[in-house]
Structure formats: structure tokens, C-alpha cells
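The values are calculated or read from the model by the stated rules, or taken from the named source; none is laboratory data. A quick note: this is a predicted structure, and the numbers were derived from the prediction, not measured. FYI the Cβ positions are ideal-geometry reconstructions off the backbone, even for glycines, and counts take in every protein chain you see. Side chains included, ligands, DNA and RNA excluded: accessible areas come from the protein's heavy atoms. Shrake-Rupley method; radii C 1.70, N 1.55, O 1.52, S 1.80 Å.
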Amino acid sequence: MTTETQGYTNNSPAIAPPVPSSKQPVPVAKSVDTQSVLKRLQSELMALMMSGDPGISAFPEEDNIFCWKGTICGSKDTVFEGTEYKLSLSFPADYPFKPPKVKFETSCFHPNVDVYGNICLDILQDKWSSAYDVRTILLSIQSLLGGICRILI
């Protein structure tokens, strides 16, 4: 026996059949608004400039805040000491939920860097978190360069 009372059938909510609509379908919301990405990148730029961390810097290329050029200096007491490396950072439209593409523009001879400048670093791949920012990326790459060399020395 089925009883219906105020939109409920057998103590469960009644499910109404879909109502055809003459309106166009509602577009699916994007996971990240471009304006929020822009605001996040501007905030990260200011934080990086104010941080005063030695040996790292990054700035947007010309008028495109989604493409940056970065610089890291080799860490002290490593074979990379005194060497300045240029990097390119390309931010996806769904940043910070996806990591930026980061590549060495300067040749870098390191086990975690291929001949094309691609970097094998877990936080730039499967261990990415939206809590990371440009500063932590650059510091991680700088640390990556110093880490292997200290082991080999």
C-alpha cells in the first residue's frame, strides 16, 4: 500500500518527474573563476616580492600573468653555488587546483631535470596541493638542486 502525504511516499521524499523546459540548459559552472586565479597570482607575486628569500625571484612575462619567468640561484656549499638558473612557469586556468608547468630555461645538469628542462619533482605532479605557491615551488626546486649534491659530496 502506498500513501502520499505532503510530497512523501512511504516516509521517503516523493521524486517529481523531470519538467521539460523551453529554456536553454544552464551552463555548468567552471571549477575556478578566471578572476579568482588572477587575484591569487597577483597576491602570490606581492608575497614573493615581500618575502625577501635569497636566491629566488619570479615575475609575470609582459602582460600575461599566467606566464612567469623565474630565477633561482644555486645553494651555498653545492656544485650549483654561484649559478643562476632561469625558469618558465605556466599557470593553468584552474590554478591553484592544478600545478603550474615549470621548466628550466637554462641548461641544468641534474638527475631530476631532463634535457628539455622538465623537472621531476613530486609537488609539481601527483603531490601537488593548492596550499603551495610560487615561493614554495621555487624554494623546493632550489632545495632539490642542493639535496642531491650534498649527498654526492
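Observations
- PHE66 modelled with pLDDT of 95 or more, crowded, with 18+ Cβ neighbours inside 10 Å, touching a Phe, Trp or Tyr at 6+ places or on another chain (Cβ under 6 Å) and at negative phi: no
- Residue under evaluation SER75, criteria (1) modelled with pLDDT of 95 or more; (2) farther than 25 Å from LYS39 by Cβ; (3) among the hydroxyl-bearing types (Ser, Thr, Tyr), criterion not met: (1)
- The set of residues from the range 46-85 being acidic (Asp, Glu), out of contact with any helix residue (DSSP H, G or I) (no Cβ under 8 Å at 6 or more places or on another chain) and either under 19 Å from THR136 (Cβ atoms) or not in a strand (DSSP E or B) (or both) comprises GLU62, ASP63.
- Residue selected from the range 110-127 under the condition part of a loop (DSSP other than H, G, I, E, B) and of a type in the set (S, T, N, Q), by the criterion least open to solvent (accessible area, probe 1.4 Å): ASN112
- Condition check for PRO96: open to solvent by 20 Å² or more (accessible area, probe 1.4 Å) and not polar (S, T, N, Q): no
- Only listed residue being without any contact (Cβ under 8 Å) to a residue 40 or more places away in the chain, open to solvent by less than 50 Å² (accessible area, probe 1.4 Å) and not in a strand (DSSP E or B), chosen from SER140, SER107, SER88, SER43: SER140
- Scope the range 91-104; condition part of a loop (DSSP other than H, G, I, E, B) and not hydrophobic (A, V, I, L, M, F, W, C); matching residues: PRO92, ASP94, TYR95, PRO96, LYS98, PRO99, PRO100
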